[in-house]
Structures are given as C-alpha cells and as structure tokens.
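First up is the structure itself, then whatever we jot down about it.
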Amino acid sequence: MGLKAGIIGCGSITKFRHAPEYKVNPYVDDIVFYDRNPERAEALAEMFGGTVALSVEDLLDDPSIQIVSDCSSNEYHHIFSTQALLNGKHVLCEKPISLTIEDAKEIIEAQKKSGKVLMVDHNQRFTRTHQKAKEMIDSGALGKVLTFKTTFGHKGPEHWGVNKSNSTWFFKKDRSRFGVAGDLGIHKIDLLHYLLNDNIEQVSAFQGALDKVDEKGHPIEVCDNIVCTLKTKQGRLGTASFSWTYYGEEDNSTIIYCEKGILKVYHSEEYQLQVIFNNGEKENYMLESIQTNDHQTNSGVIDAFIDCILFNKDPVVSGEDALASLKVIIGILEAAEINRVVTI
Ligand SMILES: NC(=O)c1ccc[n+]([C@@H]2O[C@H](COP(=O)([O-])OP(=O)(O)OC[C@H]3O[C@@H](n4cnc5c(N)ncnc54)[C@H](O)[C@@H]3O)[C@@H](O)[C@H]2O)c1
C-alpha cells in the first residue's frame with residue numbers, strides 16, 4: 001500500500017508542482033484535494049485522478065492520509081501546517097513558511113511535538129545547477145566567496161495564480177504581507193544561505209509599488225520591487241533585486257565572485273552554469289533550465305519530501321531554514337521602512 005497525500009489549496013502551485021509530482025512519485029498512490037473553492041479541487045481531482053475532501057477538517061482528520069501539502073495562501077500556512085503536524089501528518093509547507101516569526105515557531109514546535117517530517121518548498125535548492133554551484137563552492141576550487149549579486153523577477157503573480165486578475169491575494173497586505181519580497185525574494189535568500197553555508201546578518205533596502213495596481217486602479221499595498229544590500233555573518237557583501245515588473249522575460253540569475261574566479265548561474269540560456277577562472281579560462285556546464293512560470297518542470301521537491309518520510313532523511317529545507325529566510329525578509333522590509341541598516 002502506497003502513501004496517500006492530502007493537498008490543501010488547489011491553485012497554481014498545486015496544479016503545476018504538487019499534484020503532478022505526487023502523481024509520478026512511485027510511493028504515492030492516492031491524492032485528496034481540498035480548496036475552499038470546491039470547483040478548483042474538483043478540477044484537479046479530475047485532471048490528476050484522486051478525490052475531493054469537503055472540508056479541511058475532513059482532510060486533516062482522515063487517518064488514511066499520511067502526508068499533507070499546504071498550498072494555501074500565505075496567511076493560512078501556520079494554521080493548516082500546525083494542525084496537520086499535530087494530527088500526525090508529514091507536512092510540505094509552501095513558502096513563505098508564515099507571515100510572522102511567532103507563527104513559524106508555532107509550526108516548528110508542532111513538528112517537534114509530532115516527530116513528523118516538516119519540509120518547506122524552497123525549491124531553488126533542488127535545481128541541478130544550484131547544486132553544482134554549491135559543490136564547486138564547497139570544493140574550495142574557487143577559494144573563498146567574497147561578494148555576490150542575485151535577482152529574481154517576472155511579470156507578476158496576476159499572470160501566475162489561479163485568480164489571474166489585479167484582485168489577486170498576492171497584492172493584499174493582510175494575505176501576502178511581503179509582496180514580491182516574500183514571493184520571490186525569500187527564494188533567493190534561502191538560496192544564498194544554502195550556497196554560501198552562511199547567513200545574512202545585516203540588510204538595507206529600498207522598496208516600492210512602482211507599477212502594479214489593484215482592482216480599483218490604486219497602487220498595490222505591498223512592494224512590487226525591492227532592492228537590497230546584504231552582509232553575511234562571515235562578512236561577504238552582496239546585492240539582491242526582486243521584481244514583479246520584469247516584463248518580457250524572467251530573470252533568476254546569481255553571480256558569486258570568489259578569490260579565484262566567478263560563478264555565473266542562470267546567466268546564459270545555453271549554459272546554466274559558467275565558471276570564469278582568474279586566468280581567463282572558462283568552464284561551461286549545460287545542466288537544466290530553471291522552472292519558470294511559463295515552463296514548469298519536475299522540481300524534485302516532492303520526491304525529496306517522500307524520501308525523507310520513507311528513508312529517514314533530514315529535510316533539505318527544514319522549518320528552521322525557512323524561519324531563517326523569513327527573518328531576513330522581515331528585516332529587509334523593516335530596513336526599507338525605517339531607511340536604516342537592520343541587523344537580523
Ligand atoms: N515554491 C514555489 O516556487 C512557489 C511558487 C508559487 C507559489 N508558491 C506558494 O504556494 C502557495 C499557493 O500559491 P499559488 O500560486 O498556488 O496561489 P493561488 O492563488 O493560485 O492558489 C491558492 C489556492 O489556495 C486556496 N486557499 C486559500 N486559502 C484557503 C483556505 N483557507 N482554505 C482552502 N483553500 C484555500 C485558494 O482558494 C486558491 O485556490 C503560496 O503560499 C505561494 O507563496 C510557491
């Protein structure tokens with residue numbers, strides 16, 4: 001008998017990642033869908049096979065469901081993920097883990113109490129290109145990392161979410177809270193922590209709602225752009241820009257400048273990883289392109305989550321990892337608001 005997965009929230013990330021990846025995982029043989037808009041759950045149950053739960057309690061109380069993907073919007077993660085853990089389910093929570101540090105801690109506490117697996121979907125750690133970049137940094141071949149710059153931007157969540165309009169929850173302060181910083185920025189903060197084996201310790205930032213408007217035509221309540229300077233515990237210096245207004249083409253690139261050379265990640269379409277040594281020699285790697293909103297590929301996140309459950313592995317992204325990135329995002333927004341450097 002295989003595992004049974006319950007998915008809460010049947011919007012875009014469920015349609016493009018969780019459902020298709022559970023469907024092809026060899027250890028999962030049933031999916032139960034729940035959404036407070038029942039027609040969304042029904043549509044995905046039809047598309048991927050599976051059944052529909054009539055309430056979130058039905059799903060969370062069902063003893064035949066061992067694993068839960070929390071794909072609700074950000075403000076519900078701490079409620080559903082906490083309850084699922086306390087009900088004895090393994091949980092894959094979408095990012096950001098929550099809207100506040102306290103809520104994230106509540107989820108982490110529930111994990112400790114339950115002893116079940118908690119993983120958070122910071123999927124950038126799973127791309128072959130990022131893993132290869134980390135291997136190169138860890139090998140010491142390029143010497144110490146000195147500085148870095150990273151960016152993540154696309155044309156905005158009103159082109160991605162199930163509600164493709166300016167009334168999307170991504171634009172609402174009480175629901176997304178962090179705007180583009182929590183949507184795209186948090187991925188790169190987690191990636192930097194992972195690549196550098198280091199944590200961001202000090203931040204400054206400028207933010208704005210430069211272009212997006214809500215359903216009434218007013219500028220949105222959260223930022224659609226934010227640019228930051230970052231300093232890590234080990235003293236590395238870097239910059240980061242996150243944007244919902246990169247119209248025309250996504251940018252998901254990172255450059256790491258080391259003592260003995262440069263790592264360029266997702267800069268060239270042909271070569272996902274380029275290494276330029278101090279003597280001018282170059283190594284180009286064709287690995288795989290990153291998932292974009294318009295081109296979703298298997299992220300490997302579900303397989304890794306299931307492996308943790310079945311083979312007792314540590315989650316690649318733990319609750320504590322997700323909390324560390326959340327703290328940086330909260331610090332970045334505070335820095336932008338008070339116009340000062342913030343220590344995390
Ligand atoms: N890891 C990634 O790369 C990635 C990418 C996109 C989105 N996300 C995250 O996934 C989550 C969902 O995002 P999305 O893009 O699928 O959004 P979406 O708007 O497309 O879908 C969200 C769905 O959740 C449902 N929902 C919200 N609150 C609910 C509740 N209380 N009970 C039941 N259903 C509820 C909505 O009805 C909607 O169908 C968000 O936290 C987002 O940040 C992660």
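The values are calculated or read from the model by the stated rules, or taken from the named source; none is laboratory data. This is a predicted model, so every value here is computed, not measured. Counting neighbours? That spans all protein chains shown, and the Cβs are built from the backbone with ideal geometry, glycine included. To get the accessible areas, we keep the full protein, side chains included, count just its heavy atoms, and leave off ligands, DNA and RNA. Shrake-Rupley method; radii C 1.70, N 1.55, O 1.52, S 1.80 Å.
Any idea which of Gly9, Ala53, Ser114 is furthest toward the positive side of the dipole for the range 3-116, if Lys and Arg beta-carbons carry +1 and Asp and Glu beta-carbons -1?
So the residue we want is Ser114.
Just to confirm my numbers, what's the Cα centroid distance between the range 125-187 and the range 317-344 in Å?
14
Is the C-alpha gyration tensor of the range 1-47 telling us rounded, prolate or oblate? Criteria: a/c under 1.5 is rounded; beyond that, a/b larger than b/c is prolate, otherwise oblate.
Judged from the Cα gyration tensor, the range 1-47 comes out prolate (a/c at least 1.5, a/b above b/c).
Under a point-charge model restricted to the Cβ atoms of Lys and Arg (+1) and Asp and Glu (-1), what is the dipole moment magnitude of the chain relative to its Cα centre, in debye to the nearest 20?
The dipole magnitude comes to about 900 debye.
Go through the range 96-111 residue by residue and turn each phi into a ³J(HN,Hα) via Karplus (6.51, -1.76, 1.60, θ = phi - 60°); whole Hz please, and just put x for glycine and proline.
Once θ is set to phi - 60°, the couplings for the range 96-111 become x, 3, 6, 8, 9, 5, 4, 5, 5, 5, 5, 5, 5, 4, 4, 4 Hz.
Compute the Kirkwood hydrodynamic radius of the chain, taking the inverse of the mean of 1/r over all pairs of distinct Cα atoms, and give it in Å to one decimal.
The answer is 20.6 Å.
With +1 assigned to the C-beta of every Lys and Arg and -1 to the C-beta of every Asp and Glu, and no other charges, what is the dipole magnitude of the range 127-265 about the Cα centre in debye, to the nearest 20?
320
Keeping every protein chain present and rolling a 1.4 Å probe, give me the accessible area per residue for the range 3-116 in Å².
41
Can you give me the long-range amide H partners of Cys258? Hydrogens built in the peptide plane at 1.01 Å from N, cutoff under 5 Å, separation of 5 or more residues or another chain.
Excluding prolines and chain starts, which carry no amide H, the hits are Leu146, Leu263.
Just to be sure I understand: if I project the alpha-carbon convex hull of the range 272-344 onto a plane and average over all orientations, what area do I get in nm²?
If I average the Cα hull's projected area over directions, I get 9.2 nm².
Which net charge results for the neighbourhood of Ser253, defined as the other residues with beta-carbon distances under 12 angstrom from its beta-carbon, given Lys and Arg at +1 and Asp and Glu at -1?
-1
Taking the Cα centre as origin and putting +1 on Lys and Arg beta-carbons and -1 on Asp and Glu beta-carbons, what dipole magnitude results for the range 12-122, to the nearest 20 debye?
Roughly 380 debye for the range 12-122.
If I take R0 = 35 Å and measure r between the Cβ atoms of Phe206 and Asp61 in this structure, what FRET efficiency does the formula 1/(1 + (r/R0)^6) give, to the nearest 0.05?
0.15
Work out, in µm²/s and without decimals, the Stokes-Einstein translational diffusion coefficient of the range 37-161 at 37 °C, 0.692 mPa s, Rh from Kirkwood over C-alpha pairs.
Reported coefficient: 190 µm²/s.
So how do 66-72, 192-198 stack up, highest first, on mean other-Cβ count within 10 Å?
The most tightly packed comes first, giving 66-72, 192-198.
With the cut-off at 32 Å, tell me which of the pairs Lys172/Lys313; Lys15/Lys105; Lys4/Lys112; Lys89/Lys216; Lys113/Lys327; Lys105/Lys216 have Cα atoms farther apart than that.
Over 32 Å apart, Cα to Cα: Lys172/Lys313; Lys89/Lys216; Lys105/Lys216.
Work the Kirkwood hydrodynamic radius out for the range 109-205: mean of 1/r over every pair of different alpha-carbon atoms, inverted, in Å.
One decimal place: 16.2 Å for the Kirkwood radius.
With a 10 Å radius around each residue's Cβ, average the other Cβ atoms per peptide and rank 44-50, 213-219, 29-35, highest first.
Put in order of decreasing packing, that is 29-35, 44-50, 213-219.
Counting only protein heavy atoms, what percent of the accessible surface of the range 3-116 is carbon or sulfur at a 1.4 Å probe?
51
Modelling each spin label as a point 7 Å along the Cα-to-Cβ direction, I'd like the Asp30/Thr343 distance in nm, to one decimal.
The modelled label-to-label distance comes out at 5.4 nm.
Set the Förster distance to 22 Å, then compute FRET efficiency between Asp251 and Asn199 from the Cβ-Cβ distance, nearest 0.05.
With a Förster radius of 22 Å, E is 0.35.
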